[in-house]
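Asks: The structure follows.
The values are calculated or read from the model by the stated rules, or taken from the named source; none is laboratory data. This is a predicted model, so every value here is computed, not measured. Here the Cβ positions follow ideal geometry from the backbone for every residue, glycine too, while neighbour counts run over all protein chains shown.
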Amino acid sequence: MQRTLRRLAESIGRTPLTLQQAQAALLPPIPLYRALLRAHRRLPYEMRSLGDAYIKSEFRSHRSVENPLHIIGFLSQWKMYLDALPSDPDQPFKGRSLNPELIEKMSAEQIGQLYELMHVTKDVWKPIAPAEDDSAEKKQS
């Protein structure tokens, strides 16, 4: 028992982690899932509902994955997304462009999912035409 505690203490290291190293640390799946859903509370309703549904479906579909490399990649990408979300409720979410190298590494299925996601998000953020506003007000009157 004592040897185990000594090894554990030695493995921790003598210098504290830098901020970048601490952020890069992976979270276990369930705490990461909960943190993502909590972070989505600060987003506008449309973004939150779309994001929550996407997170839930991705975590469900990866529940049975047994390959450690896939699990680490999955968790690290979601952790990077969590770090990119604004921590201040007044700060708007600002997306970023995809890296072309990342797109080249994607499989055909992943590119298809990205294409579907692009179309779903376009439908969510369509501006309402002024003519539609006028006709909706007339129907209510």
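Asks: Quick check on my filter: what residues within region 96-141 are modelled with pLDDT under 70, in a loop (DSSP other than H, G, I, E, B) and either in contact with a Gly (Cβ under 7 Å, 6 or more places away or on another chain) or not basic (K, R) (or both)?
Replies: Of everything in region 96-141, those that are modelled with pLDDT under 70, in a loop (DSSP other than H, G, I, E, B) and either in contact with a Gly (Cβ under 7 Å, 6 or more places away or on another chain) or not basic (K, R) (or both) turn out to be W125, P127, I128, A129, S141.
Asks: Continuing with the same structure: Is there any pair with a first residue in region 91-116 that is within 20 Å of H70 (Cβ to Cβ) and without any contact (Cβ under 8 Å) to a residue 60 or more places away in the chain and a second that is surrounded by fewer than 10 Cβ atoms within 10 Å (Cβ to Cβ) and not hydroxyl-bearing (S, T, Y) whose Cβ atoms are under 8 Å apart and which are 6 or more apart or on different chains, and what are they?
Replies: No pair meets every condition.
Asks: Return yes or no: is P86 out of contact with any His (no Cβ under 9 Å at 6 or more places or on another chain), surrounded by 13 or more Cβ atoms within 10 Å (Cβ to Cβ) and outside any helix (DSSP H, G or I)?
Replies: yes
Asks: Restricting to region 29-66, what's the tally of residues that are at pLDDT below 90 and assigned to a loop (DSSP other than H, G, I, E, B)?
Replies: Of the residues in that region, 2 qualify.
Asks: Among the residues of region 8-26, are any within 16 Å of the chain's Cα centre (by Cα) and either at pLDDT 75 or above or more than 24 Å from L102 (Cβ to Cβ) (or both)?
Replies: yes
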